[in-house]
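As structure tokens, the structure follows; a few thoughts come after it.
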Amino acid sequence: MRRRLAGAFLPALSAFAPTTRLQRRALSAFAPTAQLKRKMSALSVTVGTHSGTFQADEALGVWLLRQLPQYATAPLTRSRDQATLDALTIVIDVGGTYDHGKLRYDHHQRGFFETIDGKVGEAQGPEGATGRFKTKLSASGLVYKHYGREIIKILHPSIEKNALEWCYGQHYKTFMEALDAIDNGIEIAPETLYSDGSSLPARVHRLNRPWNAPPDVEQNDENARFEGAVMLCGIEFGDALAHTITVEWPARALVQKALSDCGQVDASLKIISLESGGCPWRTHLYELEKEAGIGDRTKFVLYPDGKGLWRVQAVTVEGTLFQNRLSLPEPWRGLRGEKLDEVAGISGCGFCHATGFIGGHTTREGALAMARKALQ
């Protein structure tokens, strides 16, 4: 009751300036509380995106904005009417404008060439990008560009500054960039050999109302379906980010030490050894080699698999999944046990994969012997 009365009485009471302590105390009973002021302020902040068929792009963008205190409880408006959009506080993926100062984040307009760390020129194409990344941003990419670090700190308050910068870039590379590329119609390769319907954009697309769905208003409510997409994108973003911060980042120090100690493993400096199985080494190795100025020197990585074997794994060419800098010898491939021992001339071998990208031995010394022979 007190809060409802405040709105009705304050305009009238403002005409009478309180002159005594008793009058001021009486007026204070009708003044909005701090909690009410916060709620009134929150109601004045609004978030907008387009109506109609939705994609992972704007669904994730809305989820990201909701992690920020200023938009956490802001109502969402989905519309394509420009007058409606103009009245909103912040708008993403619609409106034809990218202007950070005005809180407008669309990427569909002619002349938009923003990337996560620079721009890409229309005439030059991706090769003319001014930063490390060449993929044009979508709406969620724009939100991540401007608010990503803040959001990461909110979700992981204890993250250190050097970890924040690396994880911000790595999470873009491994999670966000694909969403930007797909939403902007950028192919992953000149020719794809198969279709992937398990991606986040594909799953979000399936949340839209099917064209042949029965006319059930409750089941086919567009905004409810969109909120489901927002939740799905948030879960995926949070899980991927947590993996980057809690699993990938701690591995960096281990890979750094292994690279520094490679001379103690083999005089060639082309083999490194990790003491922890399952340690995600690939991205760190590429980056640390560049920082050290040693190119693509490392050819094999040794590590225990937790099942009684030591693995010897070929390092792939950066940017590829299956092209190795150097594979295990062709005569070994597809062989196991004693047969592999005989061909390789090394006792105690476990196996060699048919593609030559990985092999196993019962001891670290044996795995090292396999790597050394492969170098020859």
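Summarising the overall dimensions of the stretch 194-238 from its C-alpha atoms, the Rg and Dmax are 12.0, 37 angstrom. Taking every alpha-carbon pair in the stretch 310-376 and binning the separations at 10 Å intervals from zero gives 25, 57, 16, 2 percent. Centre-to-centre separation between the Cα atoms of the stretch 232-249 and those of the stretch 256-309: 25 Å. Evaluated at q = 0.19, 0.20 Å⁻¹, the base-10 log of the normalised Debye intensity for the stretch 234-376, with identical point scatterers placed on the Cα atoms, takes the values -1.11, -1.20. In the structure shown, do any of LYS161/LYS299; LYS102/LYS134; LYS161/LYS270 have a Cα-Cα gap over 27 Å, and if so which? Checking Cα-Cα distances, LYS161/LYS299; LYS161/LYS270 exceed 27 Å. Our coupling estimate for the stretch 82-93, obtained by passing each phi through the Karplus curve with A = 6.51, B = -1.76, C = 1.60 and θ = phi - 60°, is 5, 4, 5, 5, 4, 7, 8, 5, 9, 9, 10, 6 Hz, Gly and Pro reported as x. In this Cβ point-charge picture (+1 for Lys and Arg, -1 for Asp and Glu), the chain has a dipole of about 1780 debye about its Cα centre. Taking the stretch 334-376 and a reference point 7 angstrom along Cα→Cβ of THR320, the backbone N atoms nearer than 15 Å belong to 355-358.
Look at the alpha carbon pairs under 8 Å that are at least 6 residues apart: their mean separation over the length of the stretch 290-344 gives a relative contact order of 22 percent. Pairing the Cα long axis of helix 56-66 with the longest principal axis of the chain, what angle in degrees results, from 0 to 90 and rounded to the nearest 10? With rounding to tens, the tilt is 60 degrees.
The residue list HIS361, TRP332, THR77 was ranked by how far each Cα lies along the charge dipole of the chain toward its positive end, using unit charges on Cβ atoms, and THR77 comes out on top. Ordering ILE154, ILE182, LEU142 by the projection of their Cα atoms onto the charge dipole of the stretch 136-252, which places +1 on the Cβ of Lys and Arg and -1 on the Cβ of Asp and Glu, puts ILE154 at the extreme positive end. The chymotrypsin sites (Phe, Trp or Tyr not before Pro) of the stretch 139-232 that DSSP puts in a loop, and whose beta carbon has at most 16 other beta carbons within 10 Å, are TYR194, TRP211.
Using the Cα coordinates of the stretch 166-256, the gyration tensor eigenvalues translate into equivalent-ellipsoid semi-axes of 32, 18, 10 Å, sorted from longest to shortest.
Per q in 0.19, 0.21, 0.30 1/Å, what log10 I(q)/I(0) does a Debye calculation on the alpha-carbon atoms of the stretch 151-212 return? Results for the stretch 151-212 at q = 0.19, 0.21, 0.30 Å⁻¹ read -0.87, -0.94, -1.26.
Under the simplified labelling scheme, the THR174-LEU103 pair shows an inter-label distance of 3.3 nm, with each label point 7 Å from Cα along Cα→Cβ. Placing unit charges on the Cβ atoms of the charged side chains and taking the dipole of the chain about its Cα centre, the candidate lying farthest along the positive direction among HIS205, GLN256, THR49 is THR49. Any chance you could give the angle, 0 to 90 degrees and rounded to 10, that helix 2-13 forms with the longest Cα principal axis of the chain? Long axis of 2-13 versus the principal axis of the chain: about 50 degrees.
Residues ARG206, ARG66, ordered by accessible area of protein heavy atoms at a 1.4 angstrom probe radius and largest first, appear as ARG206, ARG66. Taking the chain as the reference, fit the longest principal axis to its C-alpha atoms, fit the long axis of helix 161-171 to the helix C-alpha atoms, and give the angle between the two in degrees, 0 to 90, nearest 10. The helix 161-171 is inclined about 80 degrees to the chain. Roughly what % of DSSP beta bridges within the chain run antiparallel, to the nearest 5? The answer is about 65 percent antiparallel. Maximal additional length on extending the ALA240-GLU365 stretch stands at 41.4 nm, based on 0.36 nm per residue less the C-alpha distance.
Quick one: if the Förster radius is 25 Å, what FRET efficiency do ARG149 and ASN184 give, using the C-beta to C-beta distance and rounding to 0.05? Efficiency at R0 = 25 Å is approximately 0.65. Shape analysis of the chain based on the Cα gyration tensor places the equivalent ellipsoid semi-axes at 55, 25, 20 Å, largest first.
The values are calculated or read from the model by the stated rules, or taken from the named source; none is laboratory data. These numbers come from a predicted model, not from an experiment. Every residue, glycine as well, gets a Cβ built from its backbone with ideal geometry; the counts of neighbours run over all protein chains shown. With ligands, DNA and RNA removed, areas are computed over all heavy atoms of the protein, side chains included. Shrake-Rupley method; radii C 1.70, N 1.55, O 1.52, S 1.80 Å.
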